[in-house]
Amino acid sequence: MPQLPDDFDAVAVRTWCSLALEALGRERAAIDAINVYPVPDGDTGTNLFLTVESARAAVEAVFAAHGAAPAGPDAASPVSTGPAAAEAVRAMAHGALIGARGNSGTILAQLLRGMAAVLADGGDADHLVRALAHAASAARRAVAHPVEGTILTVAAAAARAAGAVTPGSGLAAVAQAAHAGAAEALEETPGKLPVLGRAGVVDAGGQGLVTVLGALLETVTGRAPLHMPRQAPGPRLVSAEDLAAPAGECGGACASPVDGVVPGDGPAFEVIYLLEAEDVAVDRLRERLDTLGDSLVVVGGDGLWNVHVHVDDAGAAVEAGVEAGRPHRIRITHFGAARVQPHAEPAPRSVVVVVPGEELRGLCEEADAVTVLARPGKPPASGELVEAIRRAHAREVVLLPNDANLRHVAAVAAEQVRADGIRVAVIPTRAVVQGIAALAVHEPGRSFDEDVVAMTAAAGATRHAELAVAERQSWTTAGICQAGDILGLIDGDVAVIGADLPGTARTVLDRMLAAGGELVTLVLGEHVPDTLGDALEAYVREGHLAVDTTVYRGGHPGTPLLIGVE
């Protein structure tokens, strides 16, 4: 069990980002389903996931720059090297800023930035209390017209609850109080925001913040929170009648688009962009955008800002950014409008495959698949998968992530492109050899469902193994390994500890083939000689006459050998 932090150091920042992303991945669809404010477009959970995904990627990049091993479920112990806490927490804030999506994602980015401004100076309980207070205040200032019953209300409640903790109680007490205060405030949001009360749901952005604070609590206590906030008396399906305000409810005095929000009402476009500009120019930009639309949130500082606004004139919103500085990463979404389809006729079906090396990329592209390269320590983000699916230009797409850690990322990408009218199936392949097996039985002439079933069955029937070099002494499921030992992992668990690559590979093959098999697939790593593949192919042939062997090159540089048995 990992050591729990008594100070919010760099490893704690890293752990928090990973746990928050995992939790948002689990709850993304549920949060999307209760998204009715400020626009009922069902993407709040997805936007929060993408924002935290960018934050985690930035933190992982900082750790990688310091030579620390990638984080993951197979890590034997905490990293021994890494960045300072200030560097990690600032990376988290910067990553969230540049990757913020949607209204709630942009506000969450400002919350993280506000926390980072304090935690960079210290990570004890007192600093965490002040960080939560500073974050809530900064987020409220970033919103042009703050509305109660939203993520801002939940953030303020978390800060107040944390501030009421007796000084000296420790990180766990502060995190527990913040989470409990946020959860209680979340349950009260339907009474503060009429559109939520009529729909019978809590605020989606607030629900996401409770999830993130739950990950913070798990980081400092080692235990996930047990309390799950209710979704106000529902949940139930939300109709236009639910969302529409009774006549005269506002009396003409509504200062924000709270009541009478129905799909299609309000501004037509959501405009988001990063902006390089001076503070004075950003002040003028806020005034200009406030006259153009609503849901205005401008977060950032130090010359880099994330701008979010809902407008009818998207061009004017972008032009205002040009006048203020240099906008880039411009994203414009037309609420409720049919997306523009490419002029070329889409292909009936395509397969998108995540691959670990250039040579496997060529192999998959020969089979007419679209590939996404997974570089060591840099797994593809959901945006890369979305781009690949769209690049496939097909009505139906099968996605092969080939990594258990990409399951949530793949699900988010699939959900995004389904809004484009693309039918997507994610086959939960855990290793590239399973992806190769699935691709081998792909048949575009079949119906989509039949093809997905056949590919899923082929992947599921493929046991997978990986040979890796131990970096340090550690406990494994096969015993104690020393630095330099060869580890044989079968279906994700260390099953063999050996002294050399050929001998360990033979032992792994014997164990896998003891349960039967018809085909062995070997994927050689970047610096592994072809002679190893030849020797292992001969070894299989000698001991198992009925088993065929196929050898490919193109694994990760740090993974000498991948094995699949069908």
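The values are calculated or read from the model by the stated rules, or taken from the named source; none is laboratory data. Keep in mind the model is a prediction, meaning the values are calculated, not measured. Counting neighbours? That spans all protein chains shown, and the Cβs are built from the backbone with ideal geometry, glycine included.
Brief remarks on what is shown
- With respect to the stated conditions, Leu489 fails to be surrounded by 18 or more Cβ atoms within 10 Å (Cβ to Cβ), of a type outside the set (S, T, N, Q), more than 25 Å from Gly543 (Cβ to Cβ) and within 30 Å of the chain's Cα centre (by Cα).
- Residue within the range 455-468 that is in a helix (DSSP H, G or I), closer than 26 Å to Arg361 by Cβ, in the same structural domain as Val424 (by TED's automatic domain parsing) and among the polar types (S, T, N, Q) present: yes
- Just one of (1) surrounded by fewer than 18 Cβ atoms within 10 Å (Cβ to Cβ); (2) in a helix (DSSP H, G or I); (3) at pLDDT 90 or above fails for Pro146. It is (2).
- Condition met for Thr429 (among the polar types (S, T, N, Q), closer than 28 Å to Glu22 by Cβ, without any contact (Cβ under 8 Å) to a residue 60 or more places away in the chain and not in a loop (DSSP other than H, G, I, E, B)): no
- Taking residues in the range 525-544 that are not assigned by TED's automatic domain parsing to the domain that holds Pro356, and partners anywhere that are part of a helix (DSSP H, G or I) and among the small types (Gly, Ala, Ser), the pairs with Cβ atoms closer than 8 Å and at least 6 places apart or on different chains are Leu532/Ala505; Leu536/Ala505.
The rows are residues; the columns are (1) part of a strand (DSSP E or B); (2) among the aliphatic types (A, V, I, L, M); (3) under 16 Å from Gly435 (Cβ atoms).
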{"site": "Ser350", "(1), (2), (3)": "yes, no, yes"}
{"site": "Val353", "(1), (2), (3)": "yes, yes, yes"}
{"site": "Arg361", "(1), (2), (3)": "no, no, yes"}
{"site": "Cys364", "(1), (2), (3)": "no, no, yes"}
{"site": "Asp368", "(1), (2), (3)": "no, no, yes"}
{"site": "Thr371", "(1), (2), (3)": "yes, no, yes"}
{"site": "Pro380", "(1), (2), (3)": "no, no, yes"}
{"site": "Leu385", "(1), (2), (3)": "no, yes, yes"}
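- The single condition among (1) assigned to a loop (DSSP other than H, G, I, E, B); (2) surrounded by fewer than 23 Cβ atoms within 10 Å (Cβ to Cβ) that Glu188 does not satisfy is (1).
- Tally, over the range 197-214, of residues that are modelled with pLDDT under 95, hydrophobic (A, V, I, L, M, F, W, C) and either surrounded by fewer than 24 Cβ atoms within 10 Å (Cβ to Cβ) or in a helix (DSSP H, G or I) (or both): 2
- Test set (1) buried (at least 19 other Cβ atoms within 10 Å of the Cβ); (2) farther than 23 Å from Leu285 by Cα - Asp126 fails condition number: (1)
- Leu373, sole failed condition from (1) more than 20 Å from Ala454 (Cα to Cα); (2) out of contact with any Asp or Glu (no Cβ under 9 Å at 6 or more places or on another chain): (2)
- Restricting attention to the range 161-185, the residues that are free of Cβ contacts under 8 Å to residues at least 24 places away in the same chain and in a helix (DSSP H, G or I) add up to 2.
- Taking the criterion of being more than 10 Å from Val52 (Cα to Cα) and surrounded by 24 or more Cβ atoms within 10 Å (Cβ to Cβ), the residues of the range 17-34 that qualify are Arg28, Ile31, Ile34.
- Residues that are buried (at least 21 other Cβ atoms within 10 Å of the Cβ) and assigned to a strand (DSSP E or B), drawn from the range 495-505: Val496
- Scope the range 283-313; condition of a type in the set (A, V, I, L, M) and over 28 Å from the mean Cα position of the chain (by Cα); matching residues: Leu285, Leu289, Leu292
- Some residue of the range 529-549 being of a type outside the set (S, T, N, Q), within 25 Å of Lys378 (Cβ to Cβ) and out of contact with any Asp or Glu (no Cβ under 6 Å at 6 or more places or on another chain): no
Results for (1) outside the structural domain of Asp43 (by TED's automatic domain parsing); (2) crowded, with 20+ Cβ neighbours inside 10 Å; (3) in contact with a Ser or Thr (Cβ under 7 Å, 6 or more places away or on another chain), shown as yes or no for each residue.
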| residue | (1), (2), (3) |
| --- | --- |
| Glu366 | yes, no, no |
| Glu387 | yes, no, no |
| Ala414 | yes, yes, no |
| Ile436 | yes, yes, yes |
| Pro444 | yes, no, no |
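- Condition met for Gly555 (in contact with a Pro (Cβ under 7 Å, 6 or more places away or on another chain), modelled with pLDDT under 90 and crowded, with 18+ Cβ neighbours inside 10 Å): yes
- Hey, Ala133 buried (at least 24 other Cβ atoms within 10 Å of the Cβ), under 22 Å from Asp7 (Cα atoms) and at pLDDT 95 or above or not: no
- Of all the listed residues (Val508, Val452), the sole one being within 30 Å of the chain's Cα centre (by Cα), surrounded by 15 or more Cβ atoms within 10 Å (Cβ to Cβ), at pLDDT 90 or above and hydrophobic (A, V, I, L, M, F, W, C) is Val452.
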